[in-house]
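Down below is the structure, laid out as C-alpha coordinates.
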Amino acid sequence: MSKTASPPAASKTSTNVNNRGSNSTTQDGTAEVYQLTADDIEALRPFTEDRTPLYSVENNSLKLDHPAPRVAAAKVARAMGIMDPELANGAVLQLIQVSTQGRDTDAKALNFAISIVRGIAPRDHLEVLLAIQMAAVHIASVRHVRMMNHTENIPQLDIQERTTNKLMRTFTTQMEALRKHRNGGSQKVTVKHVHVNEGGQAIIGNVSHGGRAVSGTSRQSHEERNDDDLSLPIRAALHGNFEEDGEAVRVAGGEVQDGMSFPWRQGGRS
(Lines give C-alpha, C1' and ligand atoms only; values in the text may rest on other atoms or scores of the structure.)
Protein backbone atom coordinates (compact mmCIF):
# COMPACT_ATOMS: atom_id res chain seq x y z
CA MET A 1 0.00 0.00 0.00
CA SER A 2 1.49 3.26 -1.08
CA LYS A 3 1.69 6.22 1.22
CA THR A 4 0.57 9.61 0.07
CA ALA A 5 3.05 12.40 0.73
CA SER A 6 1.62 15.10 2.96
CA PRO A 7 1.62 18.65 1.55
CA PRO A 8 4.53 20.80 2.65
CA ALA A 9 3.87 23.18 5.49
CA ALA A 10 3.44 26.85 4.66
CA SER A 11 6.83 28.47 4.53
CA LYS A 12 7.63 31.51 6.64
CA THR A 13 9.45 34.43 5.11
CA SER A 14 11.92 36.90 6.57
CA THR A 15 12.15 40.38 5.12
CA ASN A 16 15.28 42.49 4.69
CA VAL A 17 14.66 46.07 3.60
CA ASN A 18 17.30 48.25 1.98
CA ASN A 19 17.34 51.35 -0.22
CA ARG A 20 16.89 49.32 -3.41
CA GLY A 21 13.98 47.23 -2.31
CA SER A 22 12.78 44.49 0.04
CA ASN A 23 14.23 40.99 -0.21
CA SER A 24 11.93 38.22 1.04
CA THR A 25 13.58 34.83 1.54
CA THR A 26 11.58 31.65 2.07
CA GLN A 27 12.73 28.63 4.01
CA ASP A 28 13.60 26.78 0.81
CA GLY A 29 16.00 29.57 -0.19
CA THR A 30 13.84 31.16 -2.85
CA ALA A 31 14.42 34.90 -3.03
CA GLU A 32 11.56 37.25 -3.75
CA VAL A 33 12.56 40.85 -4.51
CA TYR A 34 10.06 43.58 -3.74
CA GLN A 35 9.91 46.19 -6.48
CA LEU A 36 9.80 49.78 -5.27
CA THR A 37 6.86 51.86 -6.45
CA ALA A 38 7.06 55.50 -7.49
CA ASP A 39 5.65 56.51 -4.11
CA ASP A 40 8.31 54.42 -2.33
CA ILE A 41 11.09 56.10 -4.31
CA GLU A 42 9.72 59.54 -3.55
CA ALA A 43 9.50 58.71 0.16
CA LEU A 44 13.13 57.51 0.18
CA ARG A 45 14.48 60.48 -1.76
CA PRO A 46 15.21 62.80 1.22
CA PHE A 47 17.08 59.98 2.96
CA THR A 48 19.29 59.00 0.03
CA GLU A 49 20.13 62.19 -1.87
CA ASP A 50 22.79 64.63 -0.62
CA ARG A 51 22.85 63.05 2.83
CA THR A 52 24.94 64.69 5.54
CA PRO A 53 27.68 62.33 6.83
CA LEU A 54 26.87 60.75 10.18
CA TYR A 55 29.10 60.24 13.21
CA SER A 56 29.78 56.86 14.73
CA VAL A 57 31.98 55.70 17.61
CA GLU A 58 34.85 53.37 16.78
CA ASN A 59 37.59 52.53 19.29
CA ASN A 60 36.32 55.23 21.66
CA SER A 61 36.65 57.91 19.01
CA LEU A 62 34.20 59.65 16.69
CA LYS A 63 34.34 58.88 13.00
CA LEU A 64 32.34 60.16 10.03
CA ASP A 65 30.97 57.64 7.52
CA HIS A 66 32.85 59.08 4.55
CA PRO A 67 36.08 57.97 2.86
CA ALA A 68 37.56 61.49 3.07
CA PRO A 69 37.41 62.84 6.65
CA ARG A 70 38.07 66.48 5.65
CA VAL A 71 35.35 66.39 3.04
CA ALA A 72 32.95 64.84 5.53
CA ALA A 73 33.69 67.53 8.14
CA ALA A 74 33.17 70.23 5.51
CA LYS A 75 29.80 68.73 4.56
CA VAL A 76 28.68 68.68 8.19
CA ALA A 77 29.77 72.31 8.63
CA ARG A 78 27.99 73.39 5.44
CA ALA A 79 24.81 71.62 6.54
CA MET A 80 24.84 73.72 9.72
CA GLY A 81 25.48 76.95 7.81
CA ILE A 82 29.10 77.28 8.99
CA MET A 83 31.84 78.61 6.73
CA ASP A 84 34.61 78.86 9.32
CA PRO A 85 36.61 75.73 10.32
CA GLU A 86 37.22 76.87 13.89
CA LEU A 87 33.56 77.64 14.43
CA ALA A 88 32.69 74.26 12.95
CA ASN A 89 35.00 72.44 15.36
CA GLY A 90 33.64 74.39 18.31
CA ALA A 91 30.04 73.82 17.26
CA VAL A 92 30.51 70.05 17.02
CA LEU A 93 32.29 70.00 20.39
CA GLN A 94 29.44 71.94 22.04
CA LEU A 95 26.84 69.66 20.49
CA ILE A 96 28.77 66.65 21.84
CA GLN A 97 28.63 68.15 25.33
CA VAL A 98 24.95 68.99 24.98
CA SER A 99 23.84 65.61 23.65
CA THR A 100 25.99 63.31 25.80
CA GLN A 101 25.03 61.99 29.21
CA GLY A 102 27.82 60.48 31.23
CA ARG A 103 31.37 60.03 30.01
CA ASP A 104 30.73 58.08 26.81
CA THR A 105 29.91 59.99 23.63
CA ASP A 106 26.53 59.13 22.14
CA ALA A 107 26.93 59.25 18.35
CA LYS A 108 23.20 58.95 17.67
CA ALA A 109 22.40 61.80 20.02
CA LEU A 110 25.13 63.91 18.39
CA ASN A 111 23.74 63.24 14.91
CA PHE A 112 20.29 64.23 16.18
CA ALA A 113 21.62 67.50 17.64
CA ILE A 114 23.36 68.30 14.34
CA SER A 115 20.11 67.59 12.49
CA ILE A 116 18.29 70.14 14.69
CA VAL A 117 20.80 72.84 13.73
CA ARG A 118 20.65 71.78 10.08
CA GLY A 119 16.83 71.93 10.14
CA ILE A 120 16.87 75.53 11.41
CA ALA A 121 19.02 76.39 8.35
CA PRO A 122 21.16 79.19 9.85
CA ARG A 123 21.93 82.03 7.44
CA ASP A 124 24.90 83.49 9.32
CA HIS A 125 27.12 82.61 12.24
CA LEU A 126 24.92 84.47 14.72
CA GLU A 127 22.04 82.21 13.73
CA VAL A 128 24.37 79.21 14.08
CA LEU A 129 24.98 80.11 17.72
CA LEU A 130 21.27 80.60 18.35
CA ALA A 131 20.48 77.28 16.63
CA ILE A 132 22.99 75.48 18.89
CA GLN A 133 21.30 77.03 21.93
CA MET A 134 17.89 75.97 20.62
CA ALA A 135 19.15 72.41 20.18
CA ALA A 136 20.53 72.44 23.72
CA VAL A 137 17.27 73.75 25.20
CA HIS A 138 15.17 71.24 23.27
CA ILE A 139 17.31 68.28 24.33
CA ALA A 140 17.31 69.45 27.96
CA SER A 141 13.53 69.98 27.99
CA VAL A 142 12.82 66.49 26.62
CA ARG A 143 15.29 65.05 29.12
CA HIS A 144 13.43 66.69 32.01
CA VAL A 145 10.09 65.48 30.64
CA ARG A 146 11.47 61.94 30.82
CA MET A 147 12.61 62.59 34.40
CA MET A 148 9.16 63.94 35.22
CA ASN A 149 7.56 60.73 33.97
CA HIS A 150 9.72 58.70 36.36
CA THR A 151 9.29 60.79 39.51
CA GLU A 152 7.87 59.06 42.56
CA ASN A 153 6.88 61.95 44.83
CA ILE A 154 5.23 65.35 44.58
CA PRO A 155 8.33 67.53 45.34
CA GLN A 156 10.34 65.89 42.53
CA LEU A 157 7.39 66.20 40.17
CA ASP A 158 7.05 69.90 41.00
CA ILE A 159 10.76 70.57 40.37
CA GLN A 160 10.78 68.75 37.02
CA GLU A 161 7.53 70.41 35.94
CA ARG A 162 8.85 73.91 36.65
CA THR A 163 12.17 73.19 34.95
CA THR A 164 10.45 71.77 31.86
CA ASN A 165 8.10 74.74 31.72
CA LYS A 166 11.00 77.23 31.85
CA LEU A 167 12.94 75.38 29.16
CA MET A 168 10.00 75.17 26.78
CA ARG A 169 9.20 78.86 27.29
CA THR A 170 12.84 79.64 26.57
CA PHE A 171 12.61 77.67 23.33
CA THR A 172 9.63 79.72 22.11
CA THR A 173 11.50 82.91 23.07
CA GLN A 174 14.45 81.72 20.99
CA MET A 175 12.14 81.09 18.05
CA GLU A 176 10.82 84.64 18.33
CA ALA A 177 14.38 86.02 18.54
CA LEU A 178 15.27 84.13 15.36
CA ARG A 179 12.19 85.49 13.60
CA LYS A 180 13.01 89.07 14.60
CA HIS A 181 16.62 88.67 13.52
CA ARG A 182 15.56 87.43 10.08
CA ASN A 183 12.71 89.92 9.58
CA GLY A 184 14.37 93.01 11.03
CA GLY A 185 12.39 93.02 14.29
CA SER A 186 9.06 94.25 12.92
CA GLN A 187 5.99 92.86 11.24
CA LYS A 188 4.60 94.40 8.06
CA VAL A 189 0.92 94.04 7.25
CA THR A 190 -0.24 94.82 3.72
CA VAL A 191 -3.94 95.19 2.91
CA LYS A 192 -4.65 93.92 -0.59
CA HIS A 193 -8.42 94.40 -0.71
CA VAL A 194 -10.71 97.02 0.81
CA HIS A 195 -14.44 96.32 0.83
CA VAL A 196 -16.91 99.16 1.45
CA ASN A 197 -20.53 98.27 2.06
CA GLU A 198 -23.36 100.26 0.54
CA GLY A 199 -23.71 103.62 2.23
CA GLY A 200 -20.25 103.43 3.79
CA GLN A 201 -17.18 105.53 3.18
CA ALA A 202 -13.51 104.69 2.99
CA ILE A 203 -10.39 106.84 2.84
CA ILE A 204 -7.22 105.43 1.33
CA GLY A 205 -4.04 107.11 2.55
CA ASN A 206 -2.75 108.82 5.68
CA VAL A 207 -5.56 109.99 7.95
CA SER A 208 -5.28 112.52 10.76
CA HIS A 209 -8.07 113.18 13.23
CA GLY A 210 -8.82 115.67 15.93
CA GLY A 211 -7.94 115.25 19.56
CA ARG A 212 -5.77 116.75 22.21
CA ALA A 213 -2.39 117.93 21.15
CA VAL A 214 0.44 115.49 21.45
CA SER A 215 3.66 116.80 22.88
CA GLY A 216 6.95 116.20 21.14
CA THR A 217 8.11 113.86 23.87
CA SER A 218 4.91 111.82 23.72
CA ARG A 219 5.01 111.70 19.91
CA GLN A 220 8.61 110.55 19.95
CA SER A 221 7.91 107.80 22.46
CA HIS A 222 5.05 106.49 20.31
CA GLU A 223 7.14 106.64 17.14
CA GLU A 224 10.04 104.80 18.71
CA ARG A 225 7.85 102.09 20.17
CA ASN A 226 8.32 98.72 18.52
CA ASP A 227 5.20 97.33 16.84
CA ASP A 228 5.94 93.95 18.40
CA ASP A 229 6.02 95.38 21.93
CA LEU A 230 2.55 94.77 23.32
CA SER A 231 3.58 94.83 26.96
CA LEU A 232 1.75 96.95 29.53
CA PRO A 233 3.51 99.38 31.88
CA ILE A 234 5.07 97.73 34.91
CA ARG A 235 2.64 99.49 37.23
CA ALA A 236 -0.31 98.19 35.23
CA ALA A 237 1.08 94.68 35.19
CA LEU A 238 1.64 94.66 38.95
CA HIS A 239 -1.61 96.32 40.04
CA GLY A 240 -3.88 95.00 37.33
CA ASN A 241 -4.75 98.55 36.23
CA PHE A 242 -3.74 101.22 33.75
CA GLU A 243 -1.98 104.44 34.72
CA GLU A 244 -4.46 107.25 35.00
CA ASP A 245 -4.45 110.10 32.53
CA GLY A 246 -3.90 113.41 34.26
CA GLU A 247 -6.24 115.26 31.89
CA ALA A 248 -9.79 116.01 33.03
CA VAL A 249 -12.42 113.85 31.37
CA ARG A 250 -16.01 114.97 30.74
CA VAL A 251 -18.58 112.28 31.42
CA ALA A 252 -22.30 111.93 30.91
CA GLY A 253 -24.32 114.71 32.51
CA GLY A 254 -21.61 117.33 32.07
CA GLU A 255 -19.72 116.34 35.19
CA VAL A 256 -15.93 116.69 34.97
CA GLN A 257 -13.75 114.14 36.69
CA ASP A 258 -10.05 114.50 37.33
CA GLY A 259 -8.46 111.50 35.69
CA MET A 260 -10.04 108.38 34.23
CA SER A 261 -12.01 106.04 36.43
CA PHE A 262 -12.45 102.37 35.72
CA PRO A 263 -15.59 100.36 36.42
CA TRP A 264 -13.74 97.93 38.69
CA ARG A 265 -12.36 100.70 40.88
CA GLN A 266 -14.81 101.76 43.57
CA GLY A 267 -14.58 105.20 45.08
CA GLY A 268 -12.67 106.96 42.24
CA ARG A 269 -9.01 107.73 42.64
CA SER A 270 -7.20 106.36 45.63
- Task: Would you work out which of ALA68, LEU36, ALA79 lies farthest towards the positive end of the dipole of the range 33-90? Charges go on Cβ: Lys and Arg +1, Asp and Glu -1.
- Result: ALA68
- Message: How large is the convex hull of the C-alpha atoms of the range 85-140 per residue, in Å³?
- Response: 68 Å³
- Using DSSP to define loop residues, name the trypsin sites (Lys or Arg not before Pro) in the range 61-148 whose beta-carbon has at most 14 other beta-carbon atoms within 10 Å. ARG103, ARG123
- For the range 72-138, the percent of accessible surface on carbon and sulfur atoms (probe 1.4 angstrom, ligands and nucleic acids excluded) is 55 percent
- For SER61, SER99, the accessible-area ranking with a 1.4 Å probe, largest leading, is SER61, SER99
- For the pair LEU93 and GLU58, the simple spin-label estimate (label points 7 Å beyond Cα toward Cβ) gives in nm 2.4 nm
- Item | In Å², nearest 10: area of MET134 left accessible to a 1.4 Å probe | 10 Å²
- Scan the range 38-122 for GluC sites (Glu not before Pro) in coil per DSSP, keeping those whose Cβ has at most 14 other Cβ atoms within 10 Å, and list them by number. GLU49
- Message: Given the whole protein assembly as supplied and a 1.4 Å probe, what does the accessible area of TYR34 come to in Å², nearest 10?
- Response: 110 Å²
- Post the alpha-carbon centroid distance, the range 155-173 to the range 62-126, in whole angstrom. 27 Å
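The values are calculated or read from the model by the stated rules, or taken from the named source; none is laboratory data. Source: prediction; values computed, not measured. All Cβ positions, even for glycine, are placed from backbone atoms using ideal geometry, and neighbour counts span all protein chains on display. Ligands, DNA and RNA are excluded from the accessible area calculation, which covers all protein heavy atoms including side chains. Shrake-Rupley method; radii C 1.70, N 1.55, O 1.52, S 1.80 Å.
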